[in-house]
Amino acid sequence: MHAPNHPILVRTLRGLEWIAGAEVQATLRPPRIEHGHRELRFSVPELTDELTSLGTVDDVFLVAATLDAVDRRRESLQRLGTAKLDLDAYAALLGRAERKTFDVVGSFVGKRNYSRFEIEDALGSALAAASGWTYLSRSGGRPARGELSLRVHAVDSEATIAVRIAPAPLHRRGYRVASRPGALHPPLARALGLLAGLRVGLTLADPFCGTGTIPVEAKLACPDLHATGSDLDPEAVEAARRNAEAAGVDLELAVRDASDLPAADRVATNPPWESAVRMAGSGTPPLDGVERAVVLAPPERTLDRVALETRVRVSGAIAAISVVADEPIDADGLYGRELSEAQALPALWSWA
């Protein structure tokens, strides 16, 4: 069913591949990492909790098969019907073999003469007929979550079929019991914290904390960090309190304007985007005296003393991650060495 080393596929936001690669290198130490469009590929000798604890990735899969000749032509969908997967063996490996149901999530890069739902149904129907498992189709917007969740992703003329390792997508954090418009994608929040330079004993502040995703993710990555969050909206601060409690982390939270930023060694923040939430109070926190700050904002916003700017695609829109500091990476911060090495990758700058 698999080689001695388990082949792994990691999915990320576009633009976070290099940061996710640094986290993978620091925590799993694979001999080689391949960077692709919204994905990383590497191998591990065994499936461990470190795989499903990765904070900057959207999801992690075990590669089950690859098929060639799956190009843009509609007829090439028939190739998916030739896939050979032992669903019983994967269910046993992952400890999920009760209901014998599975779903499929499809995606592709570039233009195709078929939809992602047609990819899903082509593979799902064929595997159901061959295995005796029940396929839960998502066609027509129907919700589906099977005992196993498969991913089929086509790039050029090759399709990769993989099995999700965790029971649910990693980006769906269990601590998010309270949400509001404009709430930040957790893996992106984790990436902002890492770029800020997380260290034991330092203070990280988010003056636009919203539901608290950035300080919560920073504390999960570096438990001995002191993290604070504030927002002008009392309901947002209450949501942050509830999320922090569900995550099991201690945050210092307050209702205040961003101009009243308390003393902090690090700032990581996502100022409100006019298109997502109503602007209120100050639009930019005062960063004078802050050693390192990381700000997520639309590309047209400008900041002084930017040592690194990289872009990320969030919900279809492109945003800029700006590191306001003397150095682009804090070499002494969490994963600092790996981030410094990954920052030199050409893929950091050459993407669309």
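The values are calculated or read from the model by the stated rules, or taken from the named source; none is laboratory data. Source: prediction; values computed, not measured. So basically every Cβ, Gly included, is an ideal-geometry build from the backbone, and we count neighbours across all protein chains shown. Surface accessibility is based on the protein's heavy atoms, side chains included, excluding ligands, DNA and RNA. Shrake-Rupley method; radii C 1.70, N 1.55, O 1.52, S 1.80 Å.
Evaluated at q = 0.15, 0.22, 0.23 Å⁻¹, a Debye calculation over the C-alpha positions of region 72-158 (equal weights, vacuum) places log10 I(q)/I(0) at -0.54, -1.06, -1.13. Taking the DSSP beta bridges with both ends in the chain, the antiparallel portion is around 60 percent.
Shape annotation for the chain: C-alpha extents along the principal axes are 63, 39, 37 Å, from largest to smallest. Take every pair of alpha-carbon atoms less than 8 Å apart whose residues are at least six positions apart; their mean separation over the length of region 1-142 yields a relative contact order of 21 percent.
Of the accessible area of the chain, with the probe set at 1.4 angstrom, what percent is carbon plus sulfur? Exposed carbon and sulfur together represent 49 percent of the surface. Database remark: amide H of residue 314 closer than 5 angstrom to the amide H of 319 (H placed geometrically; neighbours at sequence offset of 5 or more, or on other chains; Pro and chain starts carry no H). Remark: the residue 158-residue 317 segment gains 54.5 nm on full extension, using 0.36 nm per residue and subtracting the alpha carbon distance. Here residue 111 is the anchor, and the aspartates and glutamates within straight C-alpha reach of less than 16 Å, apart from those fewer than 8 places off in the same chain, are 71, 75, 156, 158. Under the criterion of Cα pairs below 8 Å and six or more residues apart, the relative contact order for the chain equals 16 percent.
Kirkwood-type hydrodynamic radius, region 63-113: 13.1 Å, calculated from all non-identical alpha-carbon pairs. Values of log10 I(q)/I(0) for region 191-230 across q = 0.26, 0.32, 0.33 Å⁻¹ run -0.80, -1.18, -1.23, by the Debye formula with one identical scatterer at each alpha carbon and no solvent. For residue 227, the amide hydrogen comes within under 5 Å of the amide hydrogens of 204, 252, counting only partners 5 or more places away or on other chains and with H modelled in the peptide plane. Using 0.36 nm times the number of residues separating residue 131 and residue 66, minus their current alpha carbon distance, what extension gain do you get? Full extension of this stretch gives 21.6 nm more. Residues whose amide H comes within less than 5 Å of that of residue 58, counting only those at least five positions distant or on another chain, are 11, 12, 13 (H built at 1.01 Å from N in the peptide plane). In this structure, residue 177 and residue 75 have a Cβ-Cβ separation that, at R0 = 41 Å, corresponds to a calculated FRET efficiency of about 0.30.
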